[in-house]
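Chemist: Can you keep this structure in mind? I'll have questions shortly.
The values are calculated or read from the model by the stated rules, or taken from the named source; none is laboratory data. Note that the coordinates shown come from a computational prediction; the quantities given were computed from them, not determined experimentally. Ideal geometry is used to build each Cβ from the backbone, glycine not excepted, and the neighbour counts take in all protein chains shown.
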Amino acid sequence: MISFISGRLLSLMVTTLVASIVVFMLMQVLPGDPALIILGMNAEPETVAALHRQLGFDQPMWLRYLQWIGGFFVGDFGTSITYSVPISELLGPRIMVTVPLALMSMLISIFGAIVIGVYAAANRGKIGDTIAMGIAQIGVAIPNFWLALLLILLFALKLLWFPASGFSGWDDGIWNGLRSLVLPALALGLPLAAILGRVTRSAVIETLGEDFIRTARAKGLSRSAALWKHAVPNALIPVVTIVGLQFSFLLAGTIIIENVFNLPGIGRLVFQAIAQRDLVTVQSLVTLLAASVIIVNFVVDLVYGYLDPRLSNGGH
Amino acid sequence: MRSALKWGLAAGLIAMSMGTASAKDTLTIGQTLEPPGLDPTAGAAAPIRYITYTNLYEGLVRVMQDGSVQPLLAESWTVSDDQKTYTFTLRQGVKFHDGSSFDCSNVKFSYERAVAPDSTNAQKGLFEPIEKTECPDAATAVVTLKRPTSNFLFNMAWGDAVMMSPDSVADNKTNPVGTGPFKFKEWVKGDKVVLEKNPDYWGTAAKLSQVTFKFISDPSAAAAAIQAGDVDAFTSFQAPELVNRFQNDANLQVEIGSTSGKVVLALNNARKPFDDVRVRQALAHAIDRKSVAEGTYSGFGAPIGSHYTPIEPGYVDLNDAYAYDPAKAKELLQAAGVPDGFEMTIQLPPPTYARRGGEIIAAMLAEVGIRANLVPLEFPQWLEQVFRGSDFDATIINHAEARDLDIYARDKYYFNYQNPEYKALYKAFTEASSEEQQMDLLGQLQRKLSADEPNVFLYAFPKIGVWNKKVKGLWVNMPVPADDVTQAYWEE
Amino acid sequence: MSNASNTAIAAEPGIVVRVLASRNLVIGLIVTFILIAMALVSFVWTPFSPTALNFAEKLQAPSLRHWFGTDNFGRDVLSMIMVGARNSIAVSIVAVVVGAGIGVPLGAVAAARGGWIDGVVMRMSDLAFAFPALLTAVIITAIFGPGAVNAMIAIGIFNIPVFARVTRGASMGLWKREYVQAARCAGRSDTAITALHILPNINHVLLVQVTIQFALAIVAEAGLSYVGLGAQPPMPSWGKMLNDAQTFIYDAPWLAIFPGLAITFAVLGLNLLGDGLRDILDPKVRRQR
């Protein structure tokens, strides 16, 4: 087990490092000169050159990479070209939007998945199962950014329950902040709930068929008790694992949903940074996102390894 | 929306019941884009100027809403007979927000910094005519030019020519220090910049105690915020299609004005077939500028016939030069030897006016047999490829800079217009000694451009202002990028 | 075809019967057919021109004349959706072909050779999975410029590791089978074994994956177009239509509804097709049902 973990840990670090190199190289070939963007349409060539020197672009590439990655691993993500402030300073308030959003949508997806999956499993083969799985099938097919527009139409424009977009900030009170995150979290969480609902259904059905439940049922345990006390908790393990594996999709989702709802989160920051060629910010944020996916996958692997010891023996 | 209104009414009732204790003295202005920093000498972005121009920083002179140049930190000035020496008498007792005093050394520092070899001033070209700045005494600044420059005073009124203190330049991007009636309070990144009244201001004190610039990039959210009263004013509203909902709102006032921006279909004059004036004229006749303004900006932009807007001094109306006339366009194409039209690409930067304008113009050109392929570009790519590289057939862009007729006289500019007559005219204009002469030459320059049509001039970029009816003193027109709130106040 | 699966199929009811018995497959086939038909018809006929501007009829609500209404340029939304189907299908086909064309050989090699080659292929796919797909697609289009072709490439790149993993996973076990080992002993090359024994036995897995990736590619294309990086005007695309609709959402909600319905309809059809194919092709699933 320990060699399994340390092996995975090493490959995790190497993957992150390679990711950082890939991102850095991409930034080097990205067309568009940040100095020209800052200085605009009347800039003289020598002014652009002066700004290049100020930004350190005249240094060799490998040196810039080493300086950046050296700082990155000790938590210094560099200075934003556009805003001239440390990137960690930009990051702080945005994490306070993106992380709550991701957590809310995860909760929504797990709750929705249990409702729909358990209901379908309990009514296996009946009309309720067909309807629930039909809804799930549609939920899987709806792109989250379109769902976002529909939610805005219904809940923000017709019913006026939630703001159509924007984020009022946590300063105005937690409730106001949460209110502006409800629709985005639903738009992200519901399609995920549909995917997870299908997994939950088959997991519950599978557990219901296992020997210990049959035995318990034979001993007189009621159907609903068997379902809620045994089948659902056991079925949750694969569901939660899938949630972990969906993390990367969730991150990608927050990027587009933050843009639909104009939320000042990390996704929008990355987007703007790409548009403004704030290269240092882009490379730091993308590497951070990649690292977080890699770490989450590592944790999922560990959980898997713990649940299924065959994996840790290196067998395929 | 209805509940927002309800709340607005309720708030109004509460305010009334509390009596007119005191007029409101804080203002929240909504803006589409957040500035990258708050130092106008370190970047070209217009949002920097919206927040800082005359509110935070001041130059020797300033531009008023009517486009005139007025004294600010210079009380008065004299110009030598050869138009090359400007002697400014500086205002006394002016202090920067950090407490240091303003005198001629700041003028010398600011101008010399702008022309220095390592200067990163986005408009370094404005300062290029300056040969030297001298300080005979603390209250007098003598600026000597290399050659007469008609626009010199106007140029020194740009946001890029503001006075700074040597002690604060390093931090001005994040902690701006100027001499204006407002000083910097805080910047919540991604949300707002707050300015507060400067109690030690040298001149007429601001009427507001605090001004907040709030950044709302999404037009729908911006519309909701202003209707709910979360912001008091949106001075440059970017979604013309939402304006009609404000016009029906009893609490709001809509003011459609103009900026000095010129939206043009820029053509690569060095490339075939655009090197032929008849082809350029054919394009002008083939494009219905009114429909373009209608489709891109709900008809708010006034069509223009040259590279000049009605809010600038010396404007000549040349709108009738190229009436919408596809038949005439075809004749001109025939005369130019391309009777069957040709294929061209139009590179489109991201703003809506460009993307939508491209779709409309492509459809119009198709009517006269010109097949236009649309190539959308991100702004960085546009700057690199079209602007710096001159690698394009045509593009749609708003030339936002005021009074920039000089770009057609440059030896190297992206649309490659090279015309000795125009250059001679422009030289005569910069050296003109009397205002009369200047105005006359300005008219000639506009006519020459209209006749040559190096670019198809579309419309003046409008300024859509929406604000609470009780807010007074905001700009309707915007001759230079600015959101001057120094005289703004709430009506009782 | 291996004997094992041949006999399995022979022992089951005929293929037509099984297709018709799968509700998923039937609905999926119908929806996919409608989608393709819509795209094909749009080449020769649309109710109105999808590109010509007509300001006189701008922002009209759905009516008998314009079933899905008109946009801010007075263009017929139904016509635009029909032409948009073309774009969605074209981008998705290329993206899947790129993904499968590179991913399947990579996965096959990894399974056949194992060892360090397997390790490298798997670590590379780990790496690709570590980047949120949309984000990398945005960077790729920022490098190469927006447009349908670059969207195809960007989405295709993301299909490579998916196909590599699926191919590797499905064929790994087969290499341990006796008849494969026997072929190896008989001196057959790995390439020949892969072509003759491995791929024919995993083609059902790949076919299902193709439909899934096709559906995902449609969503991905719409997402890229939505952020302005996919197909470019005057070519209508569903994602761009949704983006354009957003500023008009107060006054013209139909602009936001119909393109989204089209995307959902297409993805739903392809997902059902995938599920249906799995139902009838994958022996394991068949036994479970």
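Chemist: Please count how many residues of the range C:50-64 are outside any helix (DSSP H, G or I) and either at the interface with chain B (Cβ under 10 Å from one of its Cβ atoms) or surrounded by 17 or more Cβ atoms within 10 Å (Cβ to Cβ) (or both).
Modeler: Of the residues in the range C:50-64, 8 are outside any helix (DSSP H, G or I) and either at the interface with chain B (Cβ under 10 Å from one of its Cβ atoms) or surrounded by 17 or more Cβ atoms within 10 Å (Cβ to Cβ) (or both).
Chemist: Here is a follow-up. Just a yes or no: is a residue in the range A:122-130 of a type in the set (S, T, N, Q), surrounded by fewer than 17 Cβ atoms within 10 Å (Cβ to Cβ) and either in contact with a Leu (Cβ under 8 Å, 6 or more places away or on another chain) or free of Cβ contacts under 8 Å to residues at least 40 places away in the same chain (or both)?
Modeler: yes
Chemist: Select, from A:LEU190, A:LEU160, the only residue that is in contact with a Ser or Thr (Cβ under 9 Å, 6 or more places away or on another chain), surrounded by fewer than 23 Cβ atoms within 10 Å (Cβ to Cβ) and not in a helix (DSSP H, G or I).
Modeler: Exactly one residue qualifies, and that residue is A:LEU160.
Chemist: Now, a different point. What's the number of the only condition in (1) under 21 Å from B:THR149 (Cβ atoms); (2) free of Cβ contacts under 8 Å to residues at least 12 places away in the same chain; (3) of a type in the set (S, T, N, Q) that B:SER101 fails to meet?
Modeler: It is condition (1) that B:SER101 fails.
Chemist: With the requirement that a residue be surrounded by 22 or more Cβ atoms within 10 Å (Cβ to Cβ), within 13 Å of another protein chain (Cβ to nearest Cβ) and in contact with a helix residue (DSSP H, G or I) (Cβ under 6 Å, 6 or more places away or on another chain), what does the range B:206-220 give you?
Modeler: Matches in the range B:206-220: B:ILE216 only.
Chemist: Where in the range B:355-473 are there strands (runs of 3 or more DSSP E), lying wholly inside it, with at least 1 residues that are hydroxyl-bearing (Ser, Thr, Tyr)?
Modeler: By residue number, B:394-399, B:455-468.
Chemist: Name every residue in the range A:29-65 that is more than 14 Å from chain B (Cβ to nearest Cβ) and either under 30 Å from the mean Cα position of the chain (by Cα) or not in a helix (DSSP H, G or I) (or both), in order of residue number.
Modeler: A:GLN59, A:PRO60, A:ARG64, A:TYR65
Chemist: Could I ask something else about it? Filter the range B:226-241 for residues that are surrounded by fewer than 22 Cβ atoms within 10 Å (Cβ to Cβ) and either within 14 Å of chain A (Cβ to nearest Cβ) or part of a loop (DSSP other than H, G, I, E, B) (or both); which is farthest from the chain's Cα centre (by Cα)?
Modeler: Only one residue tops the list, namely B:ALA228.
Chemist: Does C:VAL162 qualify as being more than 27 Å from C:ALA110 (Cβ to Cβ) and buried (at least 20 other Cβ atoms within 10 Å of the Cβ)?
Modeler: no
Chemist: Exactly one of (1) in a loop (DSSP other than H, G, I, E, B); (2) at the interface with another protein chain (Cβ under 10 Å from one of its Cβ atoms); (3) buried (at least 19 other Cβ atoms within 10 Å of the Cβ) is unmet by B:PRO350. Its number?
Modeler: (3)
Chemist: Could you check the range B:317-345 and list, in sequence order, the residues that are out of contact with any Pro (no Cβ under 6 Å at 6 or more places or on another chain), aliphatic (A, V, I, L, M) and either assigned to a loop (DSSP other than H, G, I, E, B) or not assigned by TED's automatic domain parsing to the domain that holds B:ASN269 (or both)?
Modeler: B:LEU318, B:ALA323, B:ALA336
Chemist: Take residues that are among the polar types (S, T, N, Q) and out of contact with any Cys (no Cβ under 9 Å at 6 or more places or on another chain) and tell me which of the helices (runs of 4 or more DSSP H) falling wholly in the range C:172-234 contain 3 or more.
Modeler: So the answer is C:199-226.
Residues checked against (1) without any contact (Cβ under 8 Å) to a residue 60 or more places away in the chain; (2) closer than 27 Å to C:ASN243 by Cβ; (3) assigned to a helix (DSSP H, G or I):
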{"site": "A:ALA231", "(1), (2), (3)": "no, no, yes"}
{"site": "A:ASN234", "(1), (2), (3)": "yes, no, yes"}
{"site": "A:PRO238", "(1), (2), (3)": "yes, no, yes"}
{"site": "A:GLY244", "(1), (2), (3)": "yes, no, yes"}
{"site": "A:LEU250", "(1), (2), (3)": "no, yes, yes"}
{"site": "A:ILE256", "(1), (2), (3)": "no, yes, yes"}
{"site": "A:PRO264", "(1), (2), (3)": "no, yes, no"}
{"site": "A:LEU269", "(1), (2), (3)": "no, yes, yes"}
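Chemist: Turning to a different aspect of this structure: Restricting attention to the range B:474-492, does a residue exist that is assigned by TED's automatic domain parsing to the domain that holds B:ALA239, of a type in the set (D, E, K, R), surrounded by 21 or more Cβ atoms within 10 Å (Cβ to Cβ) and closer than 29 Å to B:LYS183 by Cβ?
Modeler: Yes: one or more hits.
Chemist: Of all residues being assigned to a loop (DSSP other than H, G, I, E, B) and among the charged types (D, E, K, R) in the range B:161-193, which is nearest to B:ASP25 (Cα to Cα)? Just the residue, please.
Modeler: B:ASP191
Chemist: Also: Residues of the range B:116-164 being touching a residue at least 60 places away in the same chain (Cβ under 8 Å), buried (at least 17 other Cβ atoms within 10 Å of the Cβ) and over 22 Å from B:VAL63 (Cα atoms), which ones?
Modeler: Residue satisfying the conditions is B:THR120 alone.
Chemist: Which condition number does B:PHE342 fail, the rest of (1) surrounded by fewer than 19 Cβ atoms within 10 Å (Cβ to Cβ); (2) facing chain A (nearest Cβ under 10 Å) being met?
Modeler: Exception for B:PHE342: condition (2).
Chemist: Looking only at residues that are among the aromatic types (Phe, Trp, Tyr) and part of a helix (DSSP H, G or I) in the range B:144-160, which one is farthest from the chain's Cα centre (by Cα)?
Modeler: B:PHE152
Chemist: A further question on this structure: Of all helices (runs of 4 or more DSSP H) completely enclosed by the range C:76-145, which ones contain at least 3 residues that are crowded, with 24+ Cβ neighbours inside 10 Å and more than 12 Å from chain A (Cβ to nearest Cβ)?
Modeler: Per the criteria, C:77-113.
Chemist: Condition check: buried (at least 24 other Cβ atoms within 10 Å of the Cβ) and not assigned by TED's automatic domain parsing to the domain that holds A:LEU107. Does A:LEU196 satisfy that?
Modeler: Answer is no for this residue.
Chemist: Does the range A:202-214 contain at least one residue that is of a type outside the set (Lys, Arg), farther than 30 Å from B:ALA228 by Cα, loosely packed, with under 15 Cβ neighbours inside 10 Å and within 13 Å of chain C (Cβ to nearest Cβ)?
Modeler: Checked the range A:202-214: at least one residue is of a type outside the set (Lys, Arg), farther than 30 Å from B:ALA228 by Cα, loosely packed, with under 15 Cβ neighbours inside 10 Å and within 13 Å of chain C (Cβ to nearest Cβ).
Chemist: Can you tell me which of A:ALA113, A:ALA102 is within 14 Å of another protein chain (Cβ to nearest Cβ), touching a Leu at 6+ places or on another chain (Cβ under 6 Å) and small (Gly, Ala, Ser)?
Modeler: The match here is A:ALA102.
Chemist: Show the residue pairs meeting these rules: Cβ distance below 8 Å; 6+ apart or different chains; first residue within the range A:66-80 and outside the structural domain of A:THR16 (by TED's automatic domain parsing); second residue of a type in the set (D, E, K, R).
Modeler: Pairs that qualify, where the first residue is outside the structural domain of A:THR16 (by TED's automatic domain parsing) and the partner is of a type in the set (D, E, K, R), are A:SER80/A:ASP278.
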